[in-house]
Every structure is written in structure tokens, then in C-alpha cells.
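A short write-up of the structure that comes next.
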Amino acid sequence: MDRPRVLSGIQPTADSFHLGNYLGAVRQYVALQDTHEAFYFIADLHALTVAPKADELRRRSRVAAAQLFGAGLDPEKAAVFAQSHIREHSELAWILICQTGMGEAGRMTQFKDKSAKYGESSASVGLFTYPILQAADILIYQADQVPVGVDQKQHLELSRDLAQRFNSRYGQTFKVPNPYILKEVEKIGDLQDPTAKMSKTSSSPQGILDVLEDPASLRKKVMRAVTDTGSEVVADEENKPGVTNLLRIHSALSGVSVPDLEARFAGQGYGAFKKEVAEVIVEAFAPIRERTEKLLANEAELDRLLAAGAARARVVAQETMVKVRDRIGFIPTP
Ligand code: ADP
Ligand code: TRP
């Protein structure tokens, strides 16, 4: 039997992934490549919604790709590619845009948040159609599972709705995808504001830990992370969101359960605990950073890996689009 398919995308909108991206998404990409037929891409089309400079987009796209390999994606197992290399994403996005209601798109909370930030009238139309392009990304590969953080749940719901709507209007064409969200790491908190998610756009530099950041800076930020009143290292979402966030991070990276960590640090206070959290993070990031830098020093090799990933992805995307064009009523492509 064919293996189930996994697909996800990540935007090249920063100079490094952060701990939230890594724990909430990238680590799952790596784990699932062993059990699934895997497709992962750099969402450079989506990144256009923040209007990057051309050179910056190109550089960040390569940095993002290198980090995916650095984090453990194996080009033999997973197709890793640039979204813009597969033209069919844009084509399917248009077709799905025509199946989506204005109200439906307007309800997306990420759009509402982001457009409020830019000012309603200066937000681009691309920001509005962003989740529909995301649906196209997912449906074109007939993905079964889509590993993401919890902030993407609503976009996944839209993808499912659009798949079902298209299937009922035009006949069975798309698999209905499932979000793959791991509860313990679905929302890693900002170090300075632990009830908010760590985010490259809204976190302050002190609140965010970058995968490519140097160890001294990582240690400093963890030691200065907001903790809560009291001195006990115990998980308590309501009253101790800062300590709870750090416990989750430690546990996710070390594999030691939260209750075991609570027992180990009983009576020791926050200082000793934070020191160990910092070391666990530094240790997890060091090999990723090293492999990423090595790959970035060999751009030709990196581009070659992306080309090979795109070649594999293209086969699947084109196969889906032949079906879609026929179902929707286009004259066969000459
Ligand atoms: P950001 O929100 O920092 O701009 P992205 O939107 O590019 O990050 O997210 C890339 C992936 O990482 C998505 O799957 C997203 O759900 C996940 N992710 C982002 N931030 C976090 C976080 N703080 N905790 C868990 N997952 C996250
Ligand atoms: N919107 C996602 C994010 O901000 C990135 C993304 C684009 C994506 N296309 C996707 C995620 C397809 C999963 C599947 O993180």
C-alpha cells in the first residue's frame, strides 16, 4: 500500500526559524518523513504578502531551505522545494479563489489581525487570498496530514471546506486533509510575554529564540525570560505561564516528562532550572546551525537539492491539475 502523504510549507520571512517554528512544525516534518511520502516547501509566494526586497527574499529562501535540511530533512526521503518553482500552485489558487465566498475569506482571524496591523485599506489583496493559496498548496499534493502549529488550524479548516466543496460540485478530485498538531508544542510562548505565541513578526528580540542564534545570546535570553511569582518549578498554565512554557520547551527537547522535571527541580528555584533549559536549547540548536551554515556555504548544492525536490513535487502537482482542468471544464491543454 502507498504511504500516506504529508505536506507543509514555511515562509521565508526571517533570517532564521525560531524555537516555535522548530518545535511546532519543523520537528514534525522531520519525524514524518520516515512514515509518510513527504513534501515540504519554502512558501515564497506567501512571503510576497509582506513585500520583501528581491534580494532579501532570495537570501531568506535559501536560509530557510538550508535550515530544513539542517534540522534533519533527508533529500532522499522528502521532496523539499520552493513553492514558486511549481507554477501549478498559483493556477489552482485562482480556481479555488473562485470557489470561496468573500465572507468566508473575511472570517480568517489571521487576515483580520494582520490587516488591522497594516491598516485595513493598505493591506494587500494577497493577504486576503493568502489562506486560499495555502489550500491550493495542500490540495494539489492530495495531502493526508499537514503538520503545523495551532495558529494554522483555521486555515486548515478552510482547506478542508474547499476540498469538500470542489468534490461535491465537480466530482471527487481532492483528498480532504487533516491538520497534524501536537498538543504539547502547538503554541510555544514568547519568553517575555508567555501567553502570546513566539512569533517572528510580533515578538520582541528578547522574546524569541532563533535556531541560528549564537549560544551566548540564547543563554542570556533564557536567563532573562519572564518567570512568575513564587519560586517553585511547577506547571500551572493559569498562574505560572512563564515557568509552564519553559517546562514544555525543556520537555519537548530533552524527552523528560514535565512531572519528572518538576520532581527534579523541587526546591531548587528558577535560576538552576533556567540554566538547564538554556543548555538543552543550545544543545538542540548547535548541530542544526552547523549543518545549515555548511550548506549555505555551498549554494550550488543547495539549489541542486531544491531542483531535485521540485522535480518530484511537479509530477504530483501536474497530475492533480490535469484532473482539475478537466473537471472544471477547460478545453484540454494543447
Ligand atoms: P511566525 O508566526 O513566527 O511568522 P510562521 O507563520 O512562518 O511563523 O510559522 C511557520 C510554522 O511554525 C507554522 O506551522 C506555525 O504554525 C508554526 N509556529 C509558528 N510559531 C509557533 C509557536 N510559537 N508555537 C508553535 N508553532 C509555531
Ligand atoms: N501559512 C503557513 C504559515 O504561516 C505557511 C504555509 C503556506 C503552509 N502554505 C502552507 C503551511 C501549506 C501548511 C501547508 O505558517
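The values are calculated or read from the model by the stated rules, or taken from the named source; none is laboratory data. Quick caveat, the model's predicted, so the values are computed rather than measured. Cβ atoms come from the backbone with ideal geometry, glycine included; neighbour counts cover every protein chain shown. In case anyone asks, the SASA skips ligands and DNA or RNA and just uses the protein heavy atoms, side chains included. Shrake-Rupley method; radii C 1.70, N 1.55, O 1.52, S 1.80 Å.
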ask   = Given (1) crowded, with 23+ Cβ neighbours inside 10 Å; (2) of a type outside the set (Lys, Arg); (3) within 11 Å of ligand 1 (Cβ to nearest atom); (4) under 17 Å from Ile288 (Cα atoms), where does Ser16 come up short, assuming only one miss?
value = (1)
Leading residue by the ranking (farthest from Phe166 (Cα to Cα)) among those in the range 319-334 that are among the aliphatic types (A, V, I, L, M) and free of Cβ contacts under 8 Å to residues at least 12 places away in the same chain = Ile331
key: Yes/no for Ala252 being closer than 29 Å to Gln134 by Cβ and in the same structural domain as Phe41 (by TED's automatic domain parsing)   = no
request  = Output the number of residues of the range 136-155 satisfying the condition of being in a loop (DSSP other than H, G, I, E, B) and within 11 Å of ligand 2 (Cβ to nearest atom).
outcome  = 4
query = Among the residues of the range 164-193 satisfying the criterion of being in contact with a Gly (Cβ under 9 Å, 6 or more places away or on another chain) and among the acidic types (Asp, Glu), which is farthest from Asp326 (Cα to Cα)?
reply = Asp193
inquiry  = Residues to consider are Ala278, Ala284; find the one that is closer than 18 Å to Gly70 by Cα and either in contact (Cβ under 8 Å) with a residue 12 or more places away in the chain or hydroxyl-bearing (Ser, Thr, Tyr) (or both).
reply    = Ala284
message = Gly72 - would you say it is farther than 22 Å from Glu319 by Cα, more than 11 Å from ligand 1 (Cβ to nearest atom), over 19 Å from the mean Cα position of the chain (by Cα) and not aliphatic (A, V, I, L, M)?
response = no
Subset of the range 128-155 [farther than 14 Å from Cys98 by Cα, more than 13 Å from ligand 1 (Cβ to nearest atom), in contact with a Phe, Trp or Tyr (Cβ under 7 Å, 6 or more places away or on another chain) and open to solvent by 10 Å² or more (accessible area, probe 1.4 Å)] = Gln142
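Residue-by-condition table, conditions (1) at pLDDT 95 or above; (2) within 12 Å of ligand 2 (Cβ to nearest atom); (3) under 25 Å from Gln145 (Cα atoms); (4) out of contact with any Lys or Arg (no Cβ under 7 Å at 6 or more places or on another chain):
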{"residue": "Asp44", "(1), (2), (3), (4)": "yes, yes, yes, yes"}
{"residue": "Val50", "(1), (2), (3), (4)": "no, yes, no, yes"}
{"residue": "Glu56", "(1), (2), (3), (4)": "yes, no, no, yes"}
{"residue": "Ser61", "(1), (2), (3), (4)": "yes, no, yes, yes"}
Every residue from the range 156-193 that is open to solvent by 60 Å² or more (accessible area, probe 1.4 Å), of a type in the set (Asp, Glu) and within 14 Å of ligand 2 (Cβ to nearest atom) = Glu157
ask   = Among the residues of the range 227-236, is there at least one that is open to solvent by 70 Å² or more (accessible area, probe 1.4 Å) and within 30 Å of Leu295 (Cβ to Cβ)?
value = no
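Quick grid of which residues meet (1) touching a helix residue (DSSP H, G or I) at 6+ places or on another chain (Cβ under 6 Å); (2) open to solvent by 60 Å² or more (accessible area, probe 1.4 Å):
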| site | (1), (2) |
| --- | --- |
| Lys240 | no, no |
| Ser251 | yes, no |
| Asp260 | no, yes |
| Ala272 | no, no |
| Glu279 | no, yes |
| Arg289 | no, yes |
| Ala311 | no, no |
| Gln318 | no, yes |
key: Residues that are polar (S, T, N, Q) and open to solvent by 60 Å² or more (accessible area, probe 1.4 Å), drawn from the range 20-53   = Thr35
request  = Would you confirm whether any residue within the range 108-119 is hydrophobic (A, V, I, L, M, F, W, C), away from ligand 2 (no atom under 11 Å from the Cβ), surrounded by fewer than 18 Cβ atoms within 10 Å (Cβ to Cβ) and farther than 19 Å from Ile42 by Cβ?
outcome  = yes
key: Per-region count, the range 4-25, residues in contact with a Leu (Cβ under 7 Å, 6 or more places away or on another chain) and within 11 Å of ligand 2 (Cβ to nearest atom)   = 2
